[in-house]
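The values are calculated or read from the model by the stated rules, or taken from the named source; none is laboratory data. On a predicted model such as this, the values are computed, not experimentally measured, just so you know. Methodologically, a virtual Cβ is constructed for each residue, glycine included, from the backbone with ideal geometry; neighbour enumeration extends over all protein chains shown.
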């Protein structure tokens, strides 16, 4: 039987064909008028995609590079910061802040849950230089309420900087960056913008720029002020990933094209698409008897699914790949073997969801021994889709 590989991981995500063509043709030098025009266009498009009037900068790195830049550019050794952590990527904020000499206060939530805002309020102090948090905790697929956290900062400690890892949040979650007062919002190329890993981007507020004037931590490659100075000229401070920038431009053009050339409306359509596919997937999987790992605060970037007691989630991941060439993600860290994760962000559509659920019906029946009625999961997804189409 022929099999077509389908990627359902929350990064890297399926590649946009138009972006692949653009990357293949990107043989320009980065210190030329042609590339400066492309780079300036992409930076302007990213402002619309993020939804901000703030500067947006681009680095040749993974998203973690932009996370590190946020810490090194905003803080000094000995600064008190607050980290909200509910998974592996929240824990990464803790490690980064400690690496740069910060005194780290932590509010934790159990894996699969979001934060108690009363605990955040109690922990947040005026002496906190910054608060670091994920928009979506990719390791557990939980969505955190960034608007509510921003409102707490405004009320309790308005000088505290709000730094948000939106690497899987952008393109799957609606943000009002400027109105909420998000000082840094981070994205990554291998997520909703449908190109390979290797680019990180971040929006930077005036409040964050002012904080950099007094921060004392060392930085070189990830110097935001240096990158801002060069961006004005249509250049990066150092050699950029030329092909990825070309691919990103093509992807942003494609997103705009889904809304008649309006990138802002295209961004909204991309988010709505992820949320629809997430809802349809959750409906189908629960119909089969699976339990959602993050039922109270589910994100639209991906869905985490708990396997039955005594079962290893790796069995589901491996069987989906061996039987259907369908690639999903196991749990991370202590969640490995307990959950598997299915993505919805970027270049996914409703029929991709139908394909996944059709495969999961076979896995649930043949591998897990669940009492499956073929077509039931697909029917549940179809109902979600039909109801959304009526609205």
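Restricting attention to the stretch 89-103, which residues are surrounded by 18 or more Cβ atoms within 10 Å (Cβ to Cβ) and either at pLDDT below 95 or not in a helix (DSSP H, G or I) (or both)?
Once the filter is applied, which keeps residues that are surrounded by 18 or more Cβ atoms within 10 Å (Cβ to Cβ) and either at pLDDT below 95 or not in a helix (DSSP H, G or I) (or both), the stretch 89-103 yields 100, 102.
Which ones in the stretch 366-378 are assigned to a helix (DSSP H, G or I) and in contact (Cβ under 8 Å) with a residue 40 or more places away in the chain? First the steps, then the outcome.
Kept after step one, since they are assigned to a helix (DSSP H, G or I), are these residues of the stretch 366-378: 366-367, 376-378.
Scanning the stretch 366-378 gives 367, 376, 377, 378.
Just checking, which of 56, 107 is surrounded by 17 or more Cβ atoms within 10 Å (Cβ to Cβ), assigned to a strand (DSSP E or B) and without any contact (Cβ under 8 Å) to a residue 60 or more places away in the chain? Can you show your working first?
Details: 56 fails: without any contact (Cβ under 8 Å) to a residue 60 or more places away in the chain.
The match here is 107.
Just to be sure I understand the filter: pairs with C-beta atoms under 8 Å, separated by 6 or more residues or on different chains, first member in the stretch 222-243 and without any contact (Cβ under 8 Å) to a residue 12 or more places away in the chain, second member crowded, with 18+ Cβ neighbours inside 10 Å. Which pairs pass?
226/237; 229/237; 230/236; 230/237
So is residue 126 surrounded by fewer than 21 Cβ atoms within 10 Å (Cβ to Cβ), closer than 20 Å to residue 144 by Cα and assigned by TED's automatic domain parsing to the domain that holds residue 224 or not? Lay out the reasoning, then the answer.
Values: surrounded by fewer than 21 Cβ atoms within 10 Å (Cβ to Cβ): yes; closer than 20 Å to residue 144 by Cα: no; assigned by TED's automatic domain parsing to the domain that holds residue 224: yes.
Criteria not met by residue 126.
Identify, from the list 274, 300, 280, the residue that is assigned to a loop (DSSP other than H, G, I, E, B), crowded, with 19+ Cβ neighbours inside 10 Å and in the same structural domain as residue 384 (by TED's automatic domain parsing). Quick ask: steps written out before the conclusion?
Details: 274 fails: assigned to a loop (DSSP other than H, G, I, E, B); 280 fails: assigned to a loop (DSSP other than H, G, I, E, B).
Unique residue meeting the criteria: 300.
Take the residues of the stretch 204-220 that are free of Cβ contacts under 8 Å to residues at least 40 places away in the same chain and in a loop (DSSP other than H, G, I, E, B): which is surrounded by the most Cβ atoms within 10 Å (Cβ to Cβ)?
Within the stretch 204-220, the match that is surrounded by the most Cβ atoms within 10 Å (Cβ to Cβ) is 220.
Look at the stretch 330-362 and say how many of its residues are buried (at least 23 other Cβ atoms within 10 Å of the Cβ) and assigned to a strand (DSSP E or B). Even if it seems obvious, please write down each step before you answer.
Our first condition is that a residue be buried (at least 23 other Cβ atoms within 10 Å of the Cβ); within the stretch 330-362, this holds for 331, 339-346, 348, 353, 356-357, 360.
Filter once more, so that each one left must be assigned to a strand (DSSP E or B): 339-343.
Matching residues across the stretch 330-362 total 5.
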